[in-house]
Amino acid sequence: MQTVQSSLTSNLSGLFDTLLAQQLANPRDRDIFRVRWQRHFNDCFAGLQALYAQHPAWPALLEQLAQRLVSAYAQRRDALKIHDLAREIEPDWFAQARMVGGIYYVDRLAGTLRGVIEHIDYLQDLGLTYVHLMPLLQPRYGPNDGGYAVQDYRAINHELGSMSDFVELSDLLRTNGMSVCIDVVVNHTAKEHEWALKARAGDPAYLDYYLTFADRNLPDAYEQHLPEVFPDFAPGNFTWYPELGEHGRWVWTTFNEFQWDLNYANPMVWLEMLDILLHLANLGVDVLRLDAVPFMWKRLGTNCQNQPEVLDLLQAWRAAMRIVCPATIFKAEAIVAPDDLVQYLGLGQRTGKLCEIAYHNSLMVLLWSGLASQRADLLTQSLLNMPATAGNATWITYVRCHDDIGWAITDQNAALVGEDGPLHRQFLSAWYSGEFTGSFARGEVFQYNPITNDRRISGMTASLAGLEQALANADPTAIELAIRRIGLLYAVIFGFGGIPLIYMGDELGMLNDHSYVHDPCKANDNRWLHRPAMNWALAAQRHDPTTLAGRLWQMMRSLITIRQQTPALHSAGQTIPIWTQQRHVLGVIRVHPLGRILILGNLSAEPQRVALSVIHEAGLVSNLHNLLEPAQLNIDFQSAEIVLDSYQCCWLCGQTKNF
Ligand code: GLC
């Protein structure tokens, strides 16, 4: 095997040299490519070998891979090549405390890409260094799952603008210090994508791009272990297409019937998708959000998520991209259980070889759980049970995103703090849908599954945190509490470690938007409740602190400024959850050579006390001060306790003890 491999790689090395000589005029460019090839190709090869060495297309795959890598590099603009070098010199760029992101649908924010260009001052004013533009590649016509059913990965959704608008916007964002993230739906394509059209037209090579079955035998066998992602509007995981094959075939459709899962057991699919990733990176995209990655490999008898092969697929892509366009990093969209989730950041042998960032879904879910129960124990316990991640990959921390909240809380963690998992999850759904007596929230149930009793939740941050109800009741105390809840959630995710993301409109307290029910393409999907069009009238009030929008804006601005002035919040530091001896108060220590910060978050509406001894044990011995509100540190010296106001979050600093 070893000899086969070395003869393969030495043949490849020769092929690379020929291709480089043919396609790259500048000898320096060739040298740079070679250095990167020597550094990263083994990781690419190892991933591919694990997956495809037995496949008849294996030698062809390697040859085509070499060709595509060199031609993508030859097409890369000089400005981006310089950007690559800058990022290689500063490989921790995404981990620094200055990183703060925002998430926007282009049409909801400003109509079109040109509209975003006109509103770039708003993003700058907020202080963002990272902008996630929600799906903007050409989706299918009609219902398209918010753009996640892509018909053409090389075209911009024409309703949003042109490719040159996008390149102009991303260049502009970058020159203004903002990195650009876009979505790439890697698990499936729209059924109108050219590959699917060719499959439907009877081309067997393209039929093999998808997972299709002549009868129900295998689909039924798989279904026994498969969950349903959209049990409500897209039950089951397979759809019958009578025009496929000779007599019709079942197509694997994890999501909607119009989203066809790709067959990554076919190496050509991996290669074609790599070509797309390279193409997007060459447009100047800094972060590729790989959508629905856990689903990319199927195995009978499992839930077909998080299979080890997915990590091989990612590793091979990651390494290939590092040879051509190292400025571009990967964000994993893996909304899965904590032990599975951390794998995507690269553990053990895969350290530094997978995605640089991944959504911290667990933290998001547990924060909402903590707010509803006013308790920190489940949050603390679950965080303590999460495997540590390596310092060169980090989290995306967030409070809300465009998707629903699924209560991904394990029964084991719940049991460890004396909770019943299923009951607690039911409580959370009842709380956030507003059914539970005394609930402050105004969300809606998304995808009730009568078999599992699972009820996920839709809703904007402000509505879930109580602002909508408080405003409807014109209740100033409730308004104040809602603002504090929003402030607490964001203060925790800003300090936790990783890139914090502000969901569009949260900086102004935008509420649920029910208008989607009038659009037939959206009406059955209440995730549109929390995808409102930007309220520019509200945004115009942002500098007026007497308005609600102004207060929230100021709160967010101040969090951003303080975070950016605190280099110790660099993600390479450790994040260590602690027990505060106070069930209502979350405690997280951030440890970095530049400083130690203790985050304390009071999840309850009542003031709470934390013993100074807890703070001392966390390593802060004297000169305590609160980075978030320097004047707001209430120490009761008599009882030797810190008093936290309702929903207050502190980032405590001070003299540290010698460790
Ligand atoms: C991701 C997206 C979600 C979409 C799904 C299918 O989870 O965030 O909005 O429905 O993928 O593409």
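The values are calculated or read from the model by the stated rules, or taken from the named source; none is laboratory data. Nothing here was measured: the structure is a model prediction, and the numbers come from that model. Quick reminder, even Gly has a Cβ in these numbers, built from the backbone with ideal geometry, and neighbours come from all protein chains shown. In case anyone asks, the SASA skips ligands and DNA or RNA and just uses the protein heavy atoms, side chains included. Shrake-Rupley method; radii C 1.70, N 1.55, O 1.52, S 1.80 Å.
The accessible-area ordering, largest first, of the residues F440, F166 stands as F440, F166, per a 1.4 angstrom probe.
Computed 3J(HN,Hα) for the range 151-167, one whole-Hz value per residue from the Karplus formula 6.51 cos²θ - 1.76 cosθ + 1.60 where θ = phi - 60°, is 9, 8, 6, 9, 10, 7, 3, 5, 6, 9, x, 10, 4, 5, 4, 5, 5, glycine and proline marked x. Remark: the range 518-659 carries a charge dipole of roughly 400 debye about the Cα centre, counting +1 on each Lys and Arg Cβ and -1 on each Asp and Glu Cβ. For the chain, the calculated P(r), taken from all Cα-Cα distances in 10 Å bins from zero up to the bin holding the longest distance, is 3, 15, 26, 27, 18, 9, 2, 0, 0 percent. Take the Cα of D519, step 7 Å along the line toward its Cβ, and report every residue of the range 98-128 whose backbone nitrogen sits under 13 Å from that point. From the range 98-128, the list is 105-112.
Of the cross-linked pairs K331/K522; K191/K331; K298/K331; K298/K522; K81/K331, those separated by over 23 Å at the C-alpha level are K331/K522; K191/K331; K298/K522.
Of all DSSP bridge pairs formed entirely within the chain, close to 65 percent run antiparallel. Note that the range 51-62 has calculated 3J(HN,Hα) couplings of 8, 10, 4, 8, 7, x, 8, 4, x, 5, 4, 5 Hz, one per residue in order, obtained from phi through the Karplus relation 6.51 cos²θ - 1.76 cosθ + 1.60 (θ = phi - 60°); glycine and proline are x. Using alpha carbons only, how many degrees (0 to 90, rounded to 10) separate the axis of helix 2-23 from the longest principal axis of the chain? With both axes taken from Cα atoms, the answer is about 90 degrees.
Computed with a 1.4 Å probe on the full set of protein chains, the accessible area for E90 sits at about 80 Å².
At a Cα cut-off below 18 Å, give the aspartates and glutamates reachable from K198, other chains included and same-chain residues fewer than 8 away excluded. Within the straight-line cut-off, K198 pairs with D152, D208, E243, E246, E257, D261, E272.
A cut-off of 5 Å between modelled amide H atoms, ignoring neighbours fewer than 5 places along the same chain, links H570 with A97. Considering only alpha-carbon pairs that sit under 8 angstrom and 6 or more positions apart, the relative contact order computed for the range 587-659 is 42 percent. When only alpha carbons are used to place a centre, the range 329-396 and the range 433-459 end up 24 Å from one another.
Shape annotation for the range 1-79: C-alpha extents along the principal axes are 39, 19, 19 Å, from largest to smallest. In the context of the full set of protein chains, residues of the range 389-436 present 36 Å² of accessible surface per residue (probe radius 1.4 Å, heavy atoms only). Shown in residue order for the range 344-355 are the 3J(HN,Hα) couplings computed by the Karplus curve 6.51 cos²θ - 1.76 cosθ + 1.60 at θ = phi - 60°: 5, 8, x, 10, x, 4, 9, 4, x, 10, 10, 7 Hz (x for Gly and Pro). Helix 308-324 versus the longest principal axis of the chain: what is the Cα-based angle in degrees, 0 to 90, to the nearest 10? Computed tilt is about 80 degrees. When nucleic acids and ligands are ignored and a 1.4 Å probe is applied, E272 ends up with an accessible area of around 30 Å². Electrostatic tally near T302: other residues with Cβ closer than 14 Å to its Cβ, Lys and Arg +1, Asp and Glu -1, net -1. Dipole orientation for the chain: of the candidates H424, L529, F637, F637 has the Cα lying most toward the positive pole (charges on Cβ; Lys, Arg +1; Asp, Glu -1). Accessible area ranking (1.4 Å probe, heavy atoms, ligands and nucleic acids excluded), largest first, for R30, R289: R30, R289.
Rounded to the nearest Å, what's the spacing between the alpha carbon centres of the range 142-210 and the range 579-594? Just the number, please. A separation of 42 Å, based on Cα centres. Close amide H partners of Y130, meaning residues 5 or more places away or on another chain with modelled amide H under 5 Å apart, are V100, G102, S179. To the nearest 10, the accessible area of E629 is 80 Å² with a 1.4 Å probe.
Amide H contacts for W240 (H built 1.01 Å from N in the peptide plane; partners 5 or more residues away or on another chain; cut-off under 5 Å): V251. The Cβ shell under 15 Å around C653 holds other residues with a net charge of +3, Lys and Arg each +1, Asp and Glu each -1. Ordering T410, T580, T18 by accessible surface, largest first, gives T18, T410, T580; the 1.4 Å probe counts only protein heavy atoms, with every chain in place. Count charges around R484 for me, please; just the other residues with Cβ under 13 Å from its Cβ, Lys/Arg as +1, Asp/Glu as -1. Taking every other residue near R484 into account, the sum is -2. Compute the helix-to-body angle for 421-432: its Cα long axis versus the longest principal axis of the chain, expressed 0 to 90° and rounded to tens. On a 0 to 90 degree scale, this one is about 70.
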